[in-house]
Structure formats: C-alpha cells, structure tokens
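So that we are looking at the same thing, I have put the structure below in structure tokens.
The values are calculated or read from the model by the stated rules, or taken from the named source; none is laboratory data. Keep in mind the model is a prediction, meaning the values are calculated, not measured. All Cβ positions, glycine included, derive from the backbone under ideal geometry; neighbour counts span all protein chains shown.
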Amino acid sequence: MSTPTTVQHQTSRHRPPDERRLPWYHLLFTGLAGLLVAVVGLSLVDALSVASAIIVGFLLHLLLGWAYSLLREGPRWAKDRLMALLVIGAFAVAMFPLFSLLWEVVSRGMTRAIAARPDPFDFWTSSMSGIIGGADAGGVFHATVGTLLITLWASIISIPIGLFTAIFLVEYADHGWRKTLGTGVTFLVDVMTGIPSIVAGLFGLALFIAVMPDDSVRMGIMGAVALSLLMIPTVVRNSEEMLRLVPMDLREASYALGVPKWLTIVKVVLRTAVAGLTTGITLAIARVIGETAPLLLTVGMVTSVNWNMFDGRMATLPTFINQQYRAGSANCMSETVTDPISQEVYACTITTNIDRAWAAAFTLILIVMVLNILARLISHCFSPKLSR
Amino acid sequence: MNPRKNQLVSLAALGFAAVIALTACGGTADGDSGASDDSGAVGGGYAELSGNLAGAGASSMANAQTAWTETFKGLVQAEGGDITVTYDPTGSGTGREQFLSGQVKFAGTDAALDEEELAASIAVCGGEQAFDLPVYISPIAVVFHLEGVDSLNLTPEVIAGIFAEDITTWNDPAIAELNPDAELPGTAIVPVHRSDDSGTTENFTEYLSDNAPEAWTHGPIETWPIDGGQSGDGTSGMISAVESGNGTIGYADASQAGNLGTASIQVGEEFVDFSAEAAATAVDVSPREEGRAENDIVMELDRTTTEAGAYPIVLISYLALCGSYEDAATGDAVKAYASFMLSEQGQTVAQENAGSAPLSEELRTEAQAAIDDITVG
Amino acid sequence: MSTADLETESPTSPATSMASSERRLGDSIFSWLSIGSGLLIFLTLAAVAVFLTTESLPAIVASREFSGTADFSLVQYALPLVFGTALASAIALVIAIPISIGIALFISHYAPRRMAATLGYLIDLLAAVPSVVYGLWGGIWLVPKLEPLYVFLNTYLGWIPLFAGEPTAPMRNLASASVVLAVMVLPIITAITREVFLQTPRLQEEAALALGATRWETIRTVVLPFGRGGVVAASMLGLGRALGETMAVLMILAPGATFSLHILEVGRHNSIAANIASKSAEASGVEMSLLIFTGLVLFVLTFLINAVARWIVARSGPKS
C-alpha cells in the first residue's frame, strides 16, 4: 500500500508557515452568521420559514465557514472544515426523515395503542374477533403472534442457509468445481435480490400447492418460506461482505497454531465479524418483517389468534396494516356497534380503521426496535474487544 | 463456563421454552373435525357447522365480508357450532382464479364468471357448473375537493368531459350552467383515477360510455385509458389523492366519500344524490342478463335509466359458488354462509357496517332458491 | 477482495496435514454444510427461475413478437416499466449514496466514540420501518412538503430536462417516490459502508495523521480507497431493495407508462414491482403471465446491474 507516502508527499508540499488551527467554537460563530444572513435574506424575498431558513442557513454556513477557515487557517484545513460540515450535514439530513416518520407513527399510533379502547393496552391483548364496522375496539394480539412466529421461522430457515452459503463463498469456493459452484451461487444470489416480493409470494404458494394434497392450504410456514426467499439473499450478501473484511492475518495465525479450519471459522472468523453479521441479519429481518404482498397470498388473514404454523391462516402486522388502511373510513350509521360474538357494545368511530393501522405500525416498529436492541446486546457479548 | 456463555445459555433456554409453549398451544387450534352427518344446516341449525371455510376475491366487499364473517361466527357460536370463515381480499381476478383451481370454496367478484370460466368450473365443482349471485351493491360517488364548494350538479356529459380532460377549469360554462348558485373558481380541474385495475373503474366508465358516448369515447374499461394524470392505488389511495389536492375530482365507493364534496348526477330530468336506496332502485329496475342458467343470477344494469330516484353509478359484486360440493361439511358451511349473506339480516349488517345498498326482497328470494339447489355430498 | 487472496489460503494449510481424525470429521462436516447450503440456494433459485419462466411462457408465446398477431407487445409493455424502475432507483441512489457515505464517515470517524453505536442504531431504525408505513408517510406527509421545492426547481431550473414539464399538485411524481426510496436504502448502504470504514487498518490511519494529514486527508487517502469496494457492494444491495420495492412506490406514485425524463410530472412513470402489485389482483390468464414476465425482466435487470457492480468491485477492490 502506497498511501502513506502520498500523504507525506502532499503534506510536505503545502504547508504555509502561518497555518494554525482555531478552536471549534469558531464554527459556531460562522454558523450563527450563516443563519442570520439566511433569515434576513429570506425575509427580504418573503420566503421565510423554519425549513427554508435551516436549509439556506446551512448552505451559507458551508460557504462562510470555508471562506473564514481559508483566511485564518489555510486551504487544507479549510477543506477539512468543509468536509466535516458536510458529513455532519449528511447525518442531519438522514435524521430528518427518521424523526418525522417516527413522530408521525408515534403521535398517531401510540395514543391508540396505549390508551386503547375499551381498556388501556387492550390493543395489544385483544384480537379482531367480532370487531365489525366502526367499532372502536379490537387489537393486534393475533397479528403480533403471527408476525413473530412467521419471522422466527423465516429466520430459522434463512440464517443458517444464508450464513453457511456466505461461509462457503468466502472460505471454501476457492478452486476447482467449488469455485464454479461459487460463481454460480453468487450469480443466483445476485439475481435473487431482484425478486419482487409478490413473485416470492406466488412462488411460495405454487410450491406448497404442488406438494400438498389440498389446494386450499394456507398456513404460516408457507409465509415463512416465501419470506425466506427474500431474506436469504440479503443474509448472504451482508454476511459475505462482513466475512471478507476479516483480515487474512487472523486466519493465518489460527492455522499456524494448528487450529482446524472449521474451528478457525467459528472461533476466529465468525467472532471477529459478529458485530457486522448481527447488523446484517437484523437488517435482513427488518427487510422481511414489513413485507405485505407475499403474506397476503400465502397466509391470508384471520381475525383471531392462531398459534400453529402448520395449520390454518394467520394474521400478521403488515397485512393487518394494509388491510386496515385499505378498509378506509368506517361506516357509522348509529352511535354504537354491537360485537356479534361477545355481544359487547362499542362506540362507533369513522376513523377507527386508520387509527388501528397507525397503532399497528407503531407496534411493528416497536417490535423491530426491541429485536434490534436484543441483537446488539448479543453481538456485544460475543464480539472480541478490539481497539474500537 | 464463563459468565458470558451462561447468559447465552439462559437466553437459549428461554427461546426453547417459548417454542414449546407455542407448540403446546398449537394443539388447541381447530382443524377440520369430521363431516357433519346430514345437509340440514341451512337457515338456523348452525349447531352442526364446524371447521374452516375459505373465500377470496374482490376487495370492494372486504368491509362487508368482515362484518359478515364475524356476525356469522357469532350466530354459529350462539347455537353451539364452531366455524371460522375467512375472506382474503386478493382482488376479483385472483379470487376467481383461486376459486376455479379449488383453492377457495367461494369467491367474491366484481365481474360475473364468463363462459370459459363457467366451463372450467365443472372440474372443481363436482361435475356441476358454478354460478353467480349478486350479494353486494354499492353506489359509486363522484367526489371532489374544491375550496368553497360542497356539492355540485353534474350531467353524464359533463362528468365524461371532465374525465376525458376536455373540460379543464371549474368555471367552465358547462359546469356553471348546471350550478347557478355555486361560486366556481377558475381553478384547473385535476381528474384522479384508480391506478390499479378495478371493478369501480369499470362500472364508472361503463356508466360514462352508456350515457355520454360522444364525450367518453374509450368505452367501459378496467384500466384507465388516458396516459398521465393523477391517480391513486385502491380506494384509499384515490381518496388521499383527491383530499391532498385542490380542484381534484375522482370516483370512489360511496362509503369512503367522507368529508369530500359529492356530485349529484342527472337521471332523467332531475339530479340525484347517491344513497343506498337510490342505488338499490337502480338495480331493481334492471333486467337479468340473458343467456345464463336459471340459477346464474347476473344483472344487466340499466345505466341509462330515467326512473325517478335511481342512482345508476352502481357497483354490483357477485358471489361465485359451486353447483355442488363433494365434501358435505364444506357444502353445508357454504350454503349456510351464503344464505346468511343474502338474508335480510345479512344485508342489513352490510349496510350498517360497510355502507352498501341492501338487495331487494325479490332478488334475495331468487338467490336463496339457487342456494337451496346446491347439491351436497 | 480478489480471489487471488483466497488462492493463497487453500485448505492445504499446515493445519490439515497434522489434523487428527476428529478434526477431519469436524472439517468435513462443516465444509459439507457450507457446500450443501450453496447447493440448496442453487436449487431453490433455479426453481424460482424455472417457475418464473414457465409462468411467463404463455405471455411470451402469445405476444406480438412471437405470434405476430396479438394486440400486446412484450417490449412495448415492459420497456417503459424498465425505464421507470431504473430511473427511480438511479435517482434514489444518487441521493442516497453521498448521504450514506457522509453518515458512515460521521459515525466511524467524526462522532464521539461513545455515541457511535447509538447513532448507528438510529440509522438502522430506518431500515426497520415497514414499507407500508413509508408509503403512508410519503403519500400523506412528505408529498405536500416537497411541493414548494418542486415548484422552485421547475421554475428556476426548468431548463434541465429532469425538472422540465408541468408539475401539478398533489406531487405524486417519480421524484417523490425516489426521495422515499432514497430514505429506504439509506440504512442499508450506511450499515455496510460503516462497517467497512471501521475495518480500515488502524496503523495506516495513524500513520497518515502522524504525518500531519488533516482528518479529511486521512479519510480521502486511507479510508475511502480501502472502503471503495464495500461502498459499491453496499450501494448494489441498496439498489436491489430500490428496484424491488413495491408498497412505497405503489402508494406514492401516480403511474403512467412513458419514457419521459420529466421526473416532476405526475402520471409519467411506473416501476415493475409496483405495477405487478397493482395489476395482479384483477389479472388472470395471459395478463397474469405478462406481469410475471415483467418480474422475469426485473430479474434480468437486477442481474445485469449486479454483474456490472461485481466487475467494478473486482477492479477497484481494496489492495490491502
């Protein structure tokens, strides 16, 4: 690697004698100046708003901060400042949709989910059994169970296959027929990332109908298989990327100590890469947990809880969100609706379906967050303590 | 063993316990428990019903189907039976296909089975042909979002002109002439259509092409024929597109019109606002489609009716059923459920919870006769 | 990383020669598990390919290209969809890649180390949001917010073909769909890029800093060259998601089927996946087969793009 020499070359080339670093708070001054100019300028052309002031202010800050640093610190540091500002800006830009999205979901979903009717937290403990029309009741217990089970099974299918395939590609597909197979697998995995989710659903359906005697079969495991089709390529490609990052030195050191290859992979390669692998797998789970179309085709929809992956339809959160959103505004011909099964009487609200859709979205995001934290804790326990 | 590993072991144990718990609970889920002994399960006598019954099809009747399945379940449970009826709103096309391949035992569809499909049905229907019954009638409202205007009178020609993009501003003389009292702004008209193929689009364009063939030259179609323009996916997408613009106009199931302005349309000499009764009237004055079997009830909607109080922009969804069911339990369940949907109670449930128009008694009696003729076992 | 690296690491390392039988058993089980997984994927994906081909065969056979009489043409139907899909994904990537690199650098090299994990977690959260929710958020909340920006672009930068045309509210156009797609692929690109950046050899970085390089110079000369392959691979994964995304596009875009470059106009473009989803419910027979054919096209499209990406990675992989 010739990089260090390049750097040396550059540094020795430009280094004005008066170059010096200024404390960070100078950035604050240029920032405020940028904002001020933006506000004044925007109010002059009568386009002042919080969003426009921040955007124009940031752009002005880039310019001002760079010019200021150029004068006081020299061109190299000015460029450093500019890039630092851009990098921070990039992060802020990504935070913006995240927070606006989370805010929308939380503000619209949380009230309904927590202060659910008729009793608090009913939304998470009741199903949609007997909930008709605009009844302001019902919940997602059945859908939550379905989503967790189906995602669990999809993970049980996909993670070992995906992980072993990645190991195969990185550690075993090195020569001869295995190399050919490796090229073929890489090829197919690449193509696989482009499967539209609905096609995965159609395939899952066709597969089971071909095998099962009863054409009307719909069960949770079919959904898990369909989701695996979408999940495996993501697991393979994420894991492959992470395994390739493990330095060869580590493997060589392990072999030199006489450790067999498989133990080297388990104890050295996988452990070194565990943080990245966990992130990759969590992303893969997050990718499929919100899929709607394949589940609609393979597991259908029910209104009550089904614990059995191998018999009968299941409700899931994404299909539930989709169903409730599509149901649109409810019809309220009278103030109340009677549950035809339990004979309980609920208030009737026109927005009940949309409310439930947001609350279910909130629930789904909450589940993924918890899964994420769990995964991170696990990888934290496993990963070797590196310098960072 | 180091402490870190211990944590993991306990975590794994927890997971394992959870799986065991799940499988244990799975045992209680209902399977297909035996066939009921005879076919006397129609109209009351729900105690014998058990197992699962699956249907799929038109998303237009999804809300009504939810109300029907749950109410039916309540009625059956009250008599000591136990049945789960499911309806997947996968769309009419998919629903018909699943029905014809035996994946579901009944289908909901916006378009009745055609000749080819009827012939194909013999294979899955135990040697007898399938048939259609009207089960869900919904008025289609012409909805718009225009600052300061809540209701408008429109003729079929004007509606056709708007959607064909020939009338482009709200203060166009053609609209102003029909609405002398409304203060119409010069805002551009933004017609919104359904981006997915749907029965709603087909019924709406059929109305336009029957009543204003000169202004609407594209004929009745499922897929919107004009390139470009605003559109929304599904009824919800359509409504949200109309709501979020100004000067927008679209068409949607009347129960979804919400706070949007709606148009009264010209029928004969008067302007009729949509309502369940007006839609039912339009269906009642329409003849049955000819050339179909006695039990295959398909309506030939008279879109050009001048009957007072009829609202002819109507969507009729049908129920596709087999002429015979080999499995007795399934057959009884289908007959009981179909009878319930077509009963006065069933139609009221749908009207209250999904905003549909109830079928007339005459039509219900005919349909019930067809259901009674289904052979079982 | 090139295959040359792997060649030096073939199983004939000293470890195997002195392995006990137990060891060999472990090794062979492990290697067969790995190869078995590879084979299983091979079979499954081949099955999917066969399924897609056989299912789309009726449309191919009945099309104008083959039968000469049909009233529909495969090319005419699929090409605008391919164009729309590619354009939307390309714009999404153009927006997402620089931002992702920025975020990854921020997390790996700028943010205080204690906060890095939390910040990474925040970005990963974006990946956790189901696409239905992106659709809801994009269609209801974002589209009206973008309107002033589009009007500005159209008025002042209308001479650029991309921003030309006549946008009408609500702005359910390709640009809005691309913005939402960009947000959706951000976490995917960021996650991998971040990990790659974190793996940059510490010594090289420290050497650069010790030689007086600024932080940016260190990144430009050490971190970015090391991570280039990873960035390309990450972008391709993101592209895979963008190409196949269904619900968000479906709920935001007012579709059309033209080759228009005017991304601000509504009703001009559509993506393959969204088109399949919106048409499949009412489709049957040849229509359905035609839709599956477009799915097959998406397959091929993804493969071509991936092949190009692989080629780039192979050419510009880290030379460590």
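Taking helices (runs of 4 or more DSSP H) that do not extend beyond the stretch C:84-188, which have at least 1 residues that are closer than 25 Å to A:Ser379 by Cβ and more than 8 Å from chain A (Cβ to nearest Cβ)?
Those helices (runs of 4 or more DSSP H) span C:113-128.
Sticking with this structure for a sec: Could you identify the single residue in C:Val196, C:Val232 that is assigned to a helix (DSSP H, G or I), surrounded by fewer than 23 Cβ atoms within 10 Å (Cβ to Cβ) and away from chain B (no Cβ under 14 Å)? Lay out the reasoning, then the answer.
Numbers: C:Val196 fails: surrounded by fewer than 23 Cβ atoms within 10 Å (Cβ to Cβ).
Matching residue, one of C:Val196, C:Val232: C:Val232.
Do we have C:Leu81 as among the hydrophobic types (A, V, I, L, M, F, W, C), touching a Pro at 6+ places or on another chain (Cβ under 9 Å) and at pLDDT 85 or above here?
Values: among the hydrophobic types (A, V, I, L, M, F, W, C): yes; touching a Pro at 6+ places or on another chain (Cβ under 9 Å): no; at pLDDT 85 or above: yes.
So C:Leu81 does not fit the description; no.
Any idea which residue in the stretch A:113-155 is surrounded by the fewest Cβ atoms within 10 Å (Cβ to Cβ), counting only those that are in contact with a Gly (Cβ under 7 Å, 6 or more places away or on another chain) and more than 14 Å from every other protein chain (Cβ to nearest Cβ)?
Filtering first and then ranking leaves A:Thr125.
C:Ile276 - would you say it is under 19 Å from the mean Cα position of the chain (by Cα) and modelled with pLDDT under 85?
Numbers: under 19 Å from the mean Cα position of the chain (by Cα): yes; modelled with pLDDT under 85: no.
Taking the combined requirement at face value, the residue does not satisfy it.
Quickly run through the stretch A:156-179 and pick out the residues that are buried (at least 21 other Cβ atoms within 10 Å of the Cβ) and of a type in the set (D, E, K, R).
Selection gives A:Glu171 alone.
Okay, moving on. For A:Phe168, are the conditions met, namely being within 7 Å of chain C (Cβ to nearest Cβ), in a helix (DSSP H, G or I), on the phi < 0 side of the Ramachandran plot and in contact with a Leu (Cβ under 6 Å, 6 or more places away or on another chain)?
no
So is A:Ile132 touching a Pro at 6+ places or on another chain (Cβ under 9 Å) and in a loop (DSSP other than H, G, I, E, B) or not?
For A:Ile132, the condition - touching a Pro at 6+ places or on another chain (Cβ under 9 Å) and in a loop (DSSP other than H, G, I, E, B) - is met.
The conditions are (1) farther than 24 Å from A:Leu263 by Cα; (2) touching a Phe, Trp or Tyr at 6+ places or on another chain (Cβ under 8 Å); (3) surrounded by 22 or more Cβ atoms within 10 Å (Cβ to Cβ), and A:Gly182 fails exactly one of them. Which is it?
It is condition (1) that A:Gly182 fails.
Now a separate question. Kindly indicate the residue of the stretch A:297-348 that is of a type in the set (Asp, Glu) and modelled with pLDDT of 85 or more and also farthest from C:Glu282 (Cα to Cα) among those meeting that condition.
A:Glu344
A:Val37 passes all but one of (1) modelled with pLDDT of 85 or more; (2) in contact with a Phe, Trp or Tyr (Cβ under 9 Å, 6 or more places away or on another chain); (3) over 30 Å from C:Asp124 (Cα atoms); which number fails?
For A:Val37, the exception is condition (2).
Taking A:Thr278, is it under 18 Å from the mean Cα position of the chain (by Cα), within 7 Å of chain C (Cβ to nearest Cβ) and not in a loop (DSSP other than H, G, I, E, B)?
In short, no.
Listed here are the residues, each with its yes/no results for (1) aliphatic (A, V, I, L, M); (2) in contact (Cβ under 8 Å) with a residue 60 or more places away in the chain; (3) more than 28 Å from C:Ile103 (Cβ to Cβ).
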residue: C:Ala213; (1), (2), (3): yes, no, no
residue: C:Glu217; (1), (2), (3): no, no, no
residue: C:Val222; (1), (2), (3): yes, no, no
residue: C:Ser235; (1), (2), (3): no, yes, no
residue: C:Asn275; (1), (2), (3): no, yes, yes
residue: C:Gly295; (1), (2), (3): no, yes, yes
residue: C:Leu301; (1), (2), (3): yes, yes, no
residue: C:Ala309; (1), (2), (3): yes, yes, no
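I need a count of the residues in the stretch B:348-368 that are within 14 Å of chain A (Cβ to nearest Cβ), of a type outside the set (Val, Ile, Thr) and either under 17 Å from B:Asp132 (Cα atoms) or touching a Ser or Thr at 6+ places or on another chain (Cβ under 7 Å) (or both).
Total meeting the criteria: 6.
Identify, from the list A:Arg178, A:Arg237, A:Arg251, A:Arg244, the residue that is at pLDDT 90 or above, part of a helix (DSSP H, G or I) and within 8 Å of chain C (Cβ to nearest Cβ).
Answer to the check: A:Arg251.
Taking A:Val302 as meeting all but one of (1) within 18 Å of A:Ile365 (Cα to Cα); (2) in contact (Cβ under 8 Å) with a residue 60 or more places away in the chain; (3) crowded, with 24+ Cβ neighbours inside 10 Å, write down the number of the exception.
(1)
Also, quick follow-up: Within the stretch A:210-225, identify whether any single residue is in contact (Cβ under 8 Å) with a residue 24 or more places away in the chain, at the interface with chain C (Cβ under 8 Å from one of its Cβ atoms) and within 29 Å of the chain's Cα centre (by Cα), and answer yes or no.
No: zero hits.
Scan the stretch A:303-354 for residues that are more than 8 Å from every other protein chain (Cβ to nearest Cβ), under 29 Å from the mean Cα position of the chain (by Cα) and part of a loop (DSSP other than H, G, I, E, B) and jot them down.
Matches in the stretch A:303-354: A:Val305, A:Met314, A:Ala315, A:Thr316, A:Thr351.
Being of a type in the set (Asp, Glu), outside the structural domain of B:Ala357 (by TED's automatic domain parsing), surrounded by fewer than 16 Cβ atoms within 10 Å (Cβ to Cβ) and modelled with pLDDT under 90 is true for just one of B:Asp166, B:Asp181. Which residue is that?
On inspection, the qualifying residue turns out to be B:Asp181.
Looking only at the stretch C:277-293, count every residue that is touching a residue at least 60 places away in the same chain (Cβ under 8 Å) and of a type in the set (S, T, N, Q) and tell me the total.
Number of matching residues: 1.
Go through the stretch B:198-221 and report how many residues are in a loop (DSSP other than H, G, I, E, B) and surrounded by fewer than 23 Cβ atoms within 10 Å (Cβ to Cβ).
Start the filter on the stretch B:198-221 by keeping residues that are in a loop (DSSP other than H, G, I, E, B), which leaves B:198, B:212-221.
Of the ones still in play, those that are also surrounded by fewer than 23 Cβ atoms within 10 Å (Cβ to Cβ) are B:212-215, B:217-221.
Result for the stretch B:198-221: 9.
Just give me the residues in the stretch B:231-267 being more than 7 Å from every other protein chain (Cβ to nearest Cβ), small (Gly, Ala, Ser) and assigned to a helix (DSSP H, G or I), in sequence order.
B:Ala254
Then there is this: When the residues of the stretch B:209-230 are filtered to those that are within 7 Å of chain C (Cβ to nearest Cβ) and touching a helix residue (DSSP H, G or I) at 6+ places or on another chain (Cβ under 7 Å), which remaining residue is modelled with the highest pLDDT?
The extreme case among them is B:Gln230.
Output the residues belonging to the stretch B:215-248 that are of a type in the set (Asp, Glu) and touching a residue at least 24 places away in the same chain (Cβ under 8 Å).
Within the stretch B:215-248, B:Glu222, B:Asp233, B:Glu243 meet the criteria.
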